[in-house]
Every structure is written in C-alpha cells, then in structure tokens.
1. Lysines near Lys143 by alpha-carbon distance under 21 Å, same-chain residues fewer than 8 away left out - which ones?
2. Compute the length gained on full extension between Lys45 and Ile117: take 0.36 nm times their separation in residues and subtract their Cα-Cα distance, giving the result in nm to one decimal.
3. Going toward the positive end of the dipole of region 128-178, with +1 on Lys and Arg Cβ and -1 on Asp and Glu Cβ, which of Leu131, Ser142, Ile155 do you reach last?
4. Show me 156-165, 45-54 ranked by packing, highest mean number of other Cβ atoms within 10 Å first.
5. Take each of the peptides 147-154, 127-134, average the number of other beta-carbon atoms within 10 Å over its residues, and list them starting from the highest.
6. Between Glu165 and Ala103, what is the spin-label point distance in nm, taking each point 7 Å from the Cα along the Cα→C-beta axis?
7. GluC sites (Glu not before Pro) within region 94-129: which are DSSP loop residues with at most 15 other Cβ atoms inside 10 Å?
8. Given the Cα-Cα distance of Ala70 and Glu134 and 0.36 nm per residue of separation, how much length would full extension add, in nm?
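Quick note: the coordinates plus some simple rules give every number you see, no bench work behind them. This is a predicted model, so every value here is computed, not measured. Glycine also receives a Cβ, built like all others from the backbone with ideal geometry; neighbour counts cover every protein chain displayed.
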Amino acid sequence: CGLSAPQSRRCALIINGVFRTDASPLRLREVFEVPYPSITINVEKIEENARTLVEACRARGISVVGVTKAACGELDVARAFCRGGVDVIGDSRIQNLARFRMANIEKTLCMLRLPMISEVREVVRLADMSLVSEIETARAMSKEAQAVGRTHKLILMADMGDLREGILPQKILHTAKI
C-alpha cells in the first residue's frame, strides 16, 4: 500500500467481499471489526465505469489509462480495467509493474512517476512507457531500451505552474527536439 512494512500491516483492501491484508485473505463476514483503515473495492463497478469511460473517450480519439496506484497495484483492479477496455495500465511502483508482467496483464504498462537513474534498467524492462522530465533520464532510458532491443515510449512532462516537476513551458519544444 505504499507504506513501510510495519505500516502496511495496518492497510487492507476489501475486494468483492474478500478482506485482504499482508496475511492470508479472510472472508469479510468472518471479520467483525476492521482494526485499521481499509478500502472497499467493487471490481464489477470499476469494470463498468472503465467501459463507459473508454467508450466515451474512444469516440473522441482519446486513449484511457487505468491507474492502479490507489489500489496498491491490486491485480483484480488491473484485470477489471482490462475487461473494461482500457488501453494502458499505469502504476507508480516498479514492484506493481513486475506483478502485472508476471500475471500476464497484456496491456501497455506505464510507469506513472519519474524514474530515478538507478531504476532505468528495471523500468525499461517492465514498462512500455514512462514519464520523464530530465534529458539525462530520457537519454539513459533510450540507451537501455536500445541495449535490450525494446521500444520504450517516453511522455515528456511539462510543468503546469507549480514548479514541482516537468519542463518549463518555454523550454518544452527545445527539450522535445533533443
């Protein structure tokens, strides 16, 4: 769930009536009180909502990314997005992308955060596309993709005024040409 090991034991997902923690799944009816924060996820609704959104977006030439980040990279959520017709599954954690690959999620996978230089090899191996905001990272990813014979798409991030991440608007065209 994006928390440290001791904290993650206090995070749970309830998916289709099954209570999931780091331990074995417990049937929800057997759990009378959830002792820590939880998220209840209805994967049928996720699939239905994804399908509705995909249909509306495709009619306008827009591709949809199903983001599993808030669901801790849960495979059932990714599969619901797939059944709903999304084009891309996105997550911000390398281990979740690895889990999707191992589970044969046959959609384009996108790394939704800027990778560190030390993560380039793994990101290129696991993701089909990723976000970048630095030339050095883009070059490293290109070099790694060439070395392993993969095409890895890059989405150049533009800063939207909060100065958090991304290329400044006045430099975006110059950067894209590089």
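1. Once the sequence-local lysines are set aside, what remains near Lys143 is Lys153, Lys177.
2. So the chain would gain 22.1 nm between Lys45 and Ile117.
3. In region 128-178, that residue is Ser142.
4. Per-residue Cβ counts within 10 Å, averaged per peptide and sorted highest first, yield 45-54, 156-165.
5. Per-residue mean Cβ counts within 10 Å order the peptides as 127-134, 147-154.
6. With each label placed 7 Å out from Cα toward Cβ, I get 2.3 nm.
7. Glu106
8. 20.4 nm
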